[in-house]
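These notes are about the structure you will find just below.
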Amino acid sequence: MKIKIFGLMFILILSAFTMKKDSKITIFIIGDSTMAERKIDNGNLERGWGQMLSSYFTDDIHIENHAACGASTLSFINEGRWKNVLKRLKPNDYVIIQFGHNDEKRDSNLYTIPGKTFDNNLIRFIREAREKGAIPILLNSIVRRNYPPALDVPHQYIYEKEGDILVDSHGGYANSPREIAKKESAYFVDMTDLTYKLVSGLGPEKSKELFMWIPKGKYKQYPDGKIDNTHLNLYGARIIAGIAASEIVKLIPALESYYCPYATDIRVANYKDGKQCAISYTFDDGLKEHYTLVYPMLEKLGFKGTFWICGKSIEYKEAQYGILRMNWNQLKEMSDNGHEISNHGWSHLNLKGKPENVICKEIYKNDSIIEQKIGKRPCTYCYAFNSVDRRVIDLASKDRIATRLFQYPVGGEVTQSTEEELKRWVDNLLLSEQWGVTMVHGITSGYDCFSDPIVFWRHLQDVKSREKFIWIAPFREVAAYIKERENLKLKIKKNTNSYEILPLLSLDKKLFSESLTMEVESKNSMLSVKQDGKILSVKQNVNGKLCFDFNPYGGKIFIKWLNK
């Protein structure tokens, strides 16, 4: 099982290192792909460590990550990226600077020379940041996972056979930042040395868990696998970000009160009960057979689904276009039994490019009638035709937990789902620890209906057989859990046999009300856990970890090992 991850983001620090609690601190990041923001959709497993940095600080820290894939010091300047950062810098902001990987490449658009052009560019970043009143923090590059078969073998990105000794490949590009920091009296974190110790300590095999080493055939998005000894996966990015955050806080004590250290034996689980992935079954258009066929099957399996409806087609027969739809009594029954009845627009109108008043009417009219008929106002939204633009997303997202921006089509007439494809989809979710959201329309008739519904029923049975690894829940619940988890900060105090943990979460409690799950490495120990004067129930999950649900808005959590 893959080690889980998290998660993460963060305006003002005084040069004398005294801070007001009501002020924010902005930390800018400039560098290359090892730090950059990477897309989190489509099962992408790669992350830059700068993407994870915010999870180690409270919300008083704001992080702007300007690191770019393929960037060297030269290209970062020539492409206008540094100019854009300078425009945004204010007195007492911070700038984390880390380059090297691409400066080494013999490309005229990237290549710089240690001791000469590479140093000059780093010095420029430091001095121009200071001219704006900002505080530079210089880092050298994280180490590559470079285990050559012999020490005298020149560096290659991939070796047919690896050796046992990690060899640094950065040379002068790692040393220049050390020397420049001394000359310029700048803060410096020796990330090359720190990550060398990490990767070397793990050894050739275990260190693969940090990088983009992906076995062939395990992930649909990586059918041929991948071997990448430079870029980090989810877990590696989190670990490297933790090292950087810890060292920066040591250099700058004024940041310590905002620091949320990661405890190696305790963490907030990615999903409820520490399950490996999540699935939300969502059904579009309010078809009658969602009530007569789908609802009974979900109830039988103990699953709860999300049903996106258009109020006009429920309310008016002429708007049904000859397709049987559920009625309000049926929808209320499903809602009362824990299924989510939510907003698919009043009339299934494509909102992209429409005037704001038209968009708002389509959304809020449907909200109102669902609340009137069901008794619950929708807190999520599904776009008709999956068609959006930025303005539509902004309007639809207002005062909601989430909107459906990604989906996995399941059907027959158009999608042509097979049992094998659906099984592979679930396998990939488990391996990549992703959240899967289905889009289902017709079952026996209507758009994208199945040629044989047994395909879908057997898929549900397959998921049921793996339920101990998969959290199956309505869209609103999983979306709320994930957003709470991503925004939660933990202030941790570790004692000899106990932890004191203060959860800090600043979301709208009316919308985001899911309890979160904490996981603890068991180490053959039992736990006593309390929060707000109440004893919390502790159980062991499928990963062998002890876990408990807690209130992310509550007071301190007191964890004590009973037989250490």
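Readers should treat all values here as calculations from the given coordinates under stated rules, not as data from a laboratory. All of these numbers come straight from a predicted model, not from anything done at the bench. Don't worry about glycine lacking a Cβ; one is built from the backbone with ideal geometry, like all the others, and counts go over all protein chains shown.
The Rg/Rh ratio of segment 123-208, with Rg taken over Cα atoms and Rh as the Kirkwood radius over Cα pairs, comes to 1.11.
Based on every Cα atom in the chain, Rg and the maximum pairwise Cα distance Dmax equal 26.0, 79 Å.
The Cβ shell under 11 Å around residue 419 holds other residues with a net charge of -1, Lys and Arg each +1, Asp and Glu each -1.
Counting Lys and Arg as +1 and Asp and Glu as -1 over every other residue whose Cβ lies under 13 Å from the Cβ of residue 318, the net charge comes to +2. By the rule of a C-alpha distance below 17 Å, with chain neighbours fewer than 8 residues away ignored, the aspartates and glutamates paired with residue 218 are 46, 209, 228, 420, 421, 427, 433.
Looking at the chain alone, DSSP beta bridges between its own residues are antiparallel in about 50 percent of cases.
With the cut-off at under 17 Å, measuring from each backbone N in segment 218-259 to a point 7 Å along the Cα-to-Cβ line of residue 59 picks out 258-259. Simple spin-label estimate for residue 444 and residue 132 gives 6.5 nm between the two label positions (7 Å along the Cα-to-Cβ direction from each Cα). Going down the table (206/483; 494/556; 361/398), which pairs top 24 Å between alpha carbons? Going by Cα-Cα distance, 206/483 fall outside the 24 Å limit. With Cα atoms defining each centre, segment 487-516 and segment 70-96 are spaced 34 Å apart in the structure. If the segment from residue 347 to residue 209 were pulled out straight at 0.36 nm per residue, it would be longer than the present Cα-Cα gap by 44.8 nm. In plain terms, the chain from residue 160 to residue 540 could stretch by 132.7 nm, reckoned as 0.36 nm per residue minus the Cα-Cα distance. With 30 Å as the limit on Cα-Cα distance, the pairs of 39/90; 468/493; 275/365 that go past it are 468/493; 275/365.
Potential lengthening of the chain between residue 39 and residue 486 amounts to 159.4 nm, from the contour at 0.36 nm per residue minus the alpha-carbon distance. Of all lysines in the structure, the ones whose alpha carbon falls short of 16 Å from that of residue 288, not counting any fewer than 8 places away in one chain, are 312, 317, 332. Cross-link reach is defined here as a Cα-Cα straight distance under 19 Å, omitting same-chain residues fewer than 8 places apart; for residue 83 the lysines meeting it are 132.
Across segment 121-134, coupling constants 3J(HN,Hα) worked out from phi with the 6.51/-1.76/1.60 Karplus curve, θ = phi - 60°, read 5, 5, 4, 4, 4, 4, 5, 6, 5, 5, 4, 8, x, 8 Hz, and Gly and Pro carry x.
Computed from label points 7 Å out along Cα-Cβ, the spacing between residue 495 and residue 77 is 5.4 nm. Pairwise Cα distances in segment 35-180 exceed 24 Å for 40 percent of all pairs.
Distances between placed amide hydrogens fall under 5 Å for residue 137 paired with 95, 96, 97, all partners being 5 or more residues away or on another chain.
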